[in-house]
Structures are given as C-alpha cells and as structure tokens.
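The values are calculated or read from the model by the stated rules, or taken from the named source; none is laboratory data. These figures come from a predicted structure and were not determined experimentally. Methodologically, a virtual Cβ is constructed for each residue, glycine included, from the backbone with ideal geometry; neighbour enumeration extends over all protein chains shown.
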Amino acid sequence: MLSTLLSQIINGLVLGSLIGLIALGYTMVYGIVQLINFAHGEIFMVGAYGGLAMFSYLLPTALKNQWYFALPILLIAGAAVSVLVAVAMERLAYRPLRGAPRLAPLITALGVSVALQEAVRVFYPNATAALPFPNIFVPGTLIIPFGDGIPIRYSAMLLVVVSLALAFALNSFVERSRMGRAMRATAQDPDVARLMGVDPDRVIVLTFALGGALAGVGGILYGGLYNTVNIDMGFQNGIFAFTAAVLGGIGSIRGAIVGGLAIGLVKALGGQYLPGGTAYDYVWIFVVLIVVLVFRPQGFFGETERVRA
Amino acid sequence: MTRRRTIVTAAILAGALGLTACGTNRNEGAGTGGGSSCDTSKGTLVIGMVAPLSGSLSALGLGMRNSTKLAVDQANQKCTVKGYKIDFQPEDDQATAQIAGQAATKLSSDPNVVGVVGTLNSSTAQTVAPILDAKKIVMVSPANTNPTLTLGQAATTAPARPFKTYFRVATTDLVQGPFGAQYLIQKAGKKNIAVINDGKTYGAGLAATFSAEATKLGAKVVAQERVGEKDTDFSGVIAKIRPLNPDAVYYGGEYPVAGPLSAQLAGAGLNIPLMGGDGIVDKQFVALGGRVGDLATNVGAPADQLPSAATFISDYKAANFAEEFSAYGVLTYDAANVIINGLATAVGTGTFDDSKRQALIDAVQATKLDGASGAVAFDQYGDTTNKVLTVYGVKGDNFAPIETGTFSGS
C-alpha cells in the first residue's frame, strides 16, 4: 500500500538523518587524521546525558514546559558537553599517539569508548537503566490524510530539519571558510599544509570539536524523539553511523549524509518488504554495505585510498 | 580503508564488545545483619543469587536481591539452619546469558554454595541451570516463565524435566500467555491483535502461547513482528502494523522496550492498549512511555492484597532497603525461604557436605511452604502448583491490579 510505503520512507529518512549527523563526526576525523574514532558514538551518548542533566538539574521548572526556551538551551548544553568530551579525548588520548602506528590510536578509541560508557554508567544517577528523556519540542503527531494516514511526529520533523541544516552548514564551512580550507589542506597533505602555515593541532582540535557538536545535537534530538536514553545508545547508533560513513565514502561529508539516509531507508523498507521482516532489518544494512563495497570499495563519494608515508 | 583493515577493525570491535560486558558489581546491599546469638560453630553456607543488579532490568533485580537478603537475615536471626551461618552472595548477570554463565560458574566453584536464587530472565536461566545442575546446586527462580526450563524442549507434547535441581515459584508462559489472551479477548473485547516480541527466550515464548490461545478464542492475530531488545526506534514495525488496524498490541518482552514502544504507538496515532507479561510490570514502564490503559499479566497475586504477604511487606519496610521490592519481591522471598527451609531439613542437626546435596534437592522437591505468595509446592517437573495470576492496568504512574484469577486450562 502506498501510504505504508510513504510512512516507511519517512521513517527511514528520520533515522537516516540522525545516523548521517553522527556519521559526519566519523568521516571528518578520518579525513583529517585517518583515525576511525570508535568513541564517537559515545560522544553522541554523553551529549544526550548532558542535555538530560541540564534539564533535570539546572533548567528552572518554569522553562521546562516551554520548548522554545528549553530546546535551544538543551541543544547548546548537549553540544557543549560533547565538544568538551571530544576535545579532552583528542588532547588526552589521541594527541600523545600522533605518529604512532595506526593500530595504537584505533585500540585507544575502543578503550575510550568503553571508558566513557562506564563513566556515565557509574557517575550519572540511575544510568544503569534506561532513563526517560523529556519532550523538548511540540508534542504530538501530524497525520497526513493520505490512504491510511501517514503519521509524522513533530519531533521527527525537527530532527530531519536540524540534521540536514547542520550538514549543509558544515559543508559550506569546509568549502568556503578559511579554517575549512585549512582542514581540507590538512586532509590532503598534512606536511605541505604545515609548510603553508597551517597549524595541524588547531585543525585537528577543531575537527573533533565540530564532530562533537554535531553528535551532541544529535543526542538531544534523539532523546527528544524517542523519549528515552541509555548508555548503549552510542554504541548501537555509532556502528550504524560508522557503516554510513564507509558506505558514503569515508572522508566525504556528502557521503556521510547520503550513507546515513541510505541506511535509514534500507532498514525501514527492508523491515517492511524483505523476507524476515523487522527481525532482520539490521541484516539488510550490512548486506547493502557489502554489495556496495564489492563494486565500489571507496563508497559512494569516497576517493580511492592514497598511499601515504 | 583497505579491506584487511576492515577485518582487523571488526575483530577488535568484536573483542571490545565482549570486554564491555565483563564488569561485575558485587554489592551486598543494606540489611539487618546477623547480630544474633545462634550457634554457628559448624561454619558458613552460602546462598547465591544470579540476577540483573545493573543494567536496564536492575529495578527488578535489586528488588530480588533485597528480598533474598531479608530472608537470609531472618533465617540467621531465627537460627533456622542449626549450627551454620548463612551468607548471601548476589552476582550481577546484567540480564545477559554469557555474564550469567560466568556468575554461575563462580558460584558453583565455591563448595559452600548450597543454593542459588534466580535468575530473573529465562534466557539467563538456560545458561545457569545446567551449570548448577552439574554441581547439584539447587536453583529456585522467582521469575523464569519459559516452559522449556522445567518441561524440556517438547514442553507441550512430551514434557521431560531437563534439570533435577531447578525449581521455580513462578507460573510459566504456558499459563501466562493464555491467561493474558483470555482477559484481552473475553474481558476487554479485542479482536485484531498485533503481536510483537523481542526474540529472547522469554518474549518469544510468551508471544507464541498468547497467539495460540488468542486464535483459539476467535481473535485474529493480524501481525507477528520482532524487535531488538536494545532498539529504541520502532517506527518501522509500527508503520507495518498500522494499516492492519489492530485494536490491541501484545508485546512479549520487557519494559525497556515496551515503554517506548507504547509511546511510539500513540505517537503514530495508534491509540490502542499495549499488553504484556510480567516483564513489563514495573513503574519504569510508565516512566519510559507506557500509557494509561496499557495492560499486563503478572504471576502471583498483588503483594498488598495478599494477607500472607503482609508480614513480608512490613519486614521489608523495616529493613530500610534503598530500592522497592518490585514485581518479584514476594516470590523471591519465597524462593529464598524454599532453599533455607530445605537446607534446615537436609542438615537437621548434622553437618552439610556434598553427600547432603541430594537430600537438599529432595527436601526442596517436597516443599510445603506457607509462603508470602501463598502455598508453595512443586510438581514433578519443579514447577509451582500455585497457578495464580493477576491482570494489571496502568493507572497514573504505575500498574494497579485489575483482577486476580487462577488459570484453569483452555
């Protein structure tokens, strides 16, 4: 039925834009330092908990029910917490390993991921179990009167709009601004970029901070949409985001968004129409990944791997 | 990224997954302590527990831990087991079969462990029961409801008891699923039911027995769907069942999924009740999105309506535990007492050694306990003979009992 198809496409786009938003962090960091930052999913998770802490402990009760106050405050809080953690992670865990064999920072990333997850579990009150997340946008659902009706939650629309807007902004920043040019230069050849006066440390910190901010915003939007957060959310969504980044071509900003949307659509439509139903929807994501990588190992928009010293 | 690196990454990732799950939190919890004047000259015997003390199901697991602690403390005060002090050793399984297996191995390697209370999940019991059975350690679960644990793989056609040391004071899904179906169809008048489960032993089993009875009672099961136990996005499943116009959703699984699922059903304009089994009966279900009107069945009768549970409730309050006794407190208290009383019978005035383990199993098998949940006794498979269940509905911010009944076949 057409209305079901359209609903599933919308579901896919909602999930896909969230995944794309997280994938941007993976792809940017990889582009600059060739590191698969597996702790990036955890940055997304701490952003959500940061926003939740802001809401539960700091936000005056009078503002809690007024989304136009609460939402920007929470987004800023979530992004701020994520940026702080991402920058600290770069400074404490990855910078000392700059120049080390590539496996060393990779393992470190996994360690950081476990450490962040456990830190939230231990130190955030009651975080051992899933916690309810407040509604931070217009509550309720718009039902488009078409066929059986196509429901879209307002908070899902918010997620799509904000994600795509941020991705667009990031793309313009990297393409147009001076700092963006420094980023692209560092990605292309760090040594020559340094000779041209680019400070690689600043570029790398900026990259982690940008990725962290996007992930933090994603964490808040995720909490607002599903009204629940748990310490596993970073791991699960991080894996999809990483897959999206690889699918789209790791290092490519457009690729991350397209990869995210592709994964969202495959999951939603695969769950509806392919054998096995929703029980196997995750399987189709990886089937698609494998098929794409067989024919296009660099992903949709990726460049073929350059040989580097 | 080259392909080789992908493989290496995947391998490392898999390893890390295993590692994340290894932390165990040994936590004794507050209690009254054994400041009594019993003769404990013969030493210490240990009652273990395997339950989720952290993680998403910890609300249930911590209530189980406290209730067992209460029973053990009382036994120590009353000198129930002559000559021995009983220690309580709770182990966290994080609701994960693999971690539960480690906990069971740890407990079973201690020669002083005589019995284990737990587990909460049927899936963890499938790992724990064989380990304890091999060491002849009695296991009494207050919460496992999957039929195969006592009746074997062919539970309905050719029941055969797989574990001689495994008992449970909870009724099974062979009873609970149909009991839920009878209420939802005959009392609540639902006709088109979408059934969703989480694919785990408990959830899938419950969904299957529910569906069979629902079909038998003339209702239509319009969809059978599965979600992941760690999923938070159910938009795909909901979009799939929405055009089928269900008038109720039955969910086999636990509250961390059921709560958000209920909220998202409403979010998609499906204002129909969600019903589940004992795994969703917790306040957290409502906090995570469960709506007023959602239903659930639970094994046993509600604690505050049972005259037999009054003492337990007041004792529990007096012990000042930080957590509520939750859905399984009463049954857990009984499960612990089954082991303690069995131990008292088996030990008598003698000493406990490995040769007494069979005596303990026999004593538990012959249990006639006037417990907090009512009369506790076991049939030849180790199942409770008490088939009392209760239907609950969400009122305000928690479940409130609607009606209690004894399941009488179908």
State which residue is farthest from the other protein chains (Cβ to nearest Cβ) when the search covers only region A:1-52 and only residues that are among the hydroxyl-bearing types (Ser, Thr, Tyr) and over 18 Å from residue A:83 (Cα atoms).
-> A:17
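Yes or no, residue by residue, for (1) closer than 12 Å to residue A:37 by Cβ; (2) more than 11 Å from every other protein chain (Cβ to nearest Cβ); (3) at pLDDT 95 or above; (4) surrounded by 15 or more Cβ atoms within 10 Å (Cβ to Cβ):
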site: A:78; (1), (2), (3), (4): no, yes, yes, yes
site: A:81; (1), (2), (3), (4): no, yes, yes, yes
site: A:84; (1), (2), (3), (4): no, yes, yes, yes
site: A:88; (1), (2), (3), (4): no, yes, yes, no
site: A:92; (1), (2), (3), (4): no, yes, yes, no
site: A:99; (1), (2), (3), (4): no, yes, no, no
site: A:102; (1), (2), (3), (4): no, no, no, no
site: A:106; (1), (2), (3), (4): yes, no, no, yes
Considering only residues of region B:260-312 that are hydrophobic (A, V, I, L, M, F, W, C) and assigned to a strand (DSSP E or B), which is farthest from residue B:244 (Cα to Cα)?
-> B:299
Taking only region A:120-133 into account, find how many residues are within 12 Å of chain B (Cβ to nearest Cβ) and of a type outside the set (S, T, N, Q).
-> 8
Matching residues, region A:145-196, being within 14 Å of chain B (Cβ to nearest Cβ) and either free of Cβ contacts under 8 Å to residues at least 24 places away in the same chain or out of contact with any strand residue (DSSP E or B) (no Cβ under 8 Å at 6 or more places or on another chain) (or both) = A:145, A:146, A:147, A:148, A:154, A:155, A:156, A:157, A:158, A:159, A:160
Out of the residues in region B:174-203 that are assigned to a strand (DSSP E or B) and among the β-branched types (Val, Ile, Thr), which is surrounded by the most Cβ atoms within 10 Å (Cβ to Cβ)?
-> B:196
Of the residues in region A:183-224 that are buried (at least 18 other Cβ atoms within 10 Å of the Cβ) and in contact with an Asp or Glu (Cβ under 8 Å, 6 or more places away or on another chain), the one that is nearest to residue A:124 (Cα to Cα) is A:208
What about residue B:218, is it more than 11 Å from chain A (Cβ to nearest Cβ), on the phi > 0 side of the Ramachandran plot and not in a helix (DSSP H, G or I)?
-> yes
Taking region B:334-391 as the search range and keeping residues that are in a strand (DSSP E or B) and without any contact (Cβ under 8 Å) to a residue 60 or more places away in the chain, which one is surrounded by the fewest Cβ atoms within 10 Å (Cβ to Cβ)?
-> B:375
Out of B:33, B:55, B:15, sole residue that is at positive phi, within 14 Å of another protein chain (Cβ to nearest Cβ) and at pLDDT below 90 | B:55
